Amino acid sequence: MSNDSARTIVYAGICIALTVIFSYVFAIRTTFVHITFGFLPISLYAMRFGPRQAGIVAAMADVIGTGVLGLSIFFPGFVLSGFLTGWLFGHFLYQKKITLRQVVLPFLLVTICIHLGLNTLWLTLFYGKAVSAIFLSRLLKNILCFPMEISLFFLAYKSIYTLLPTWQKN
């Protein structure tokens, strides 16, 4: 195994562990609304390793988080949502200059398509509730969290690239 392969596996493991901790341990949860910080490790990992690897790592974090901690429901749709979230972040952030404009688009797509779209669909299928019963609280949460997530991403991005310059691709 090459040094780069080992490093990639280590980064994936760290990202999965941080995502599980930020998504399942340090989270505010109700039945239909979860406020988590799992987007931070996934978006930063996606920026470094690209869409495919970020999607796989995000899906693995979902499976491990629900399987090991059991604090949330396991539903294959949420695994798909996790993969697509990682993929979207990787597609828009990988090997790109990080600017506000460059960051807003993937966060907006994840918020609208994944959080408000797919995850609301998975919850209605899983719980058998009407979309109208779930959507309003999820919409309010996402409107409030959207600027916070972008701000936290920039704070984490600047910290990581200041403290760990070797983390950048050569």
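Here are some notes:
- Within the option set Leu125, Leu121, Leu116, being surrounded by fewer than 12 Cβ atoms within 10 Å (Cβ to Cβ) and hydrophobic (A, V, I, L, M, F, W, C) holds for one residue only, Leu125.
- Conditions (1) assigned to a loop (DSSP other than H, G, I, E, B); (2) free of Cβ contacts under 8 Å to residues at least 24 places away in the same chain; (3) touching a helix residue (DSSP H, G or I) at 6+ places or on another chain (Cβ under 6 Å); number of the one not met by Lys97: (3)
- When residues in region 47-78 are screened for being among the β-branched types (Val, Ile, Thr), at pLDDT 95 or above and surrounded by fewer than 21 Cβ atoms within 10 Å (Cβ to Cβ), 1 of them pass.
- Exactly one residue out of Thr19, Thr66, Thr36 is among the polar types (S, T, N, Q) and more than 22 Å from Phe153 (Cα to Cα): that is Thr66.
- Scanning region 1-17 for residues that are of a type in the set (A, V, I, L, M), free of Cβ contacts under 8 Å to residues at least 40 places away in the same chain and in a helix (DSSP H, G or I) yields Ala6, Ile9, Val10, Ile14, Ala17.
- Residue within region 125-133 that is at pLDDT below 90, in contact with a Ser or Thr (Cβ under 6 Å, 6 or more places away or on another chain), part of a helix (DSSP H, G or I) and closer than 24 Å to Arg29 by Cα present: yes
- Per-region count, region 18-42, residues in a helix (DSSP H, G or I), surrounded by 20 or more Cβ atoms within 10 Å (Cβ to Cβ) and under 11 Å from the mean Cα position of the chain (by Cα): 7
- Residues of region 58-92 satisfying the condition of being β-branched (Val, Ile, Thr) and within 12 Å of Phe39 (Cα to Cα): Thr85
- Close pairs (8 angstrom Cβ cut-off, 6 or more residues apart or separate chains): at positive phi in region 35-56, surrounded by fewer than 19 Cβ atoms within 10 Å (Cβ to Cβ) anywhere: Gly50/Tyr94; Gly50/Gln95
- Within region 136-149, tally of residues that are surrounded by fewer than 17 Cβ atoms within 10 Å (Cβ to Cβ) and either touching a residue at least 24 places away in the same chain (Cβ under 8 Å) or of a type outside the set (Val, Ile, Thr) (or both): 7
- Val104 falls short of the stated requirement of being under 23 Å from Ile14 (Cα atoms) and in a helix (DSSP H, G or I).
The values are calculated or read from the model by the stated rules, or taken from the named source; none is laboratory data. These figures come from a predicted structure and were not determined experimentally. Cβ: placed from backbone, ideal geometry, glycine included. Neighbour counts: every protein chain shown.
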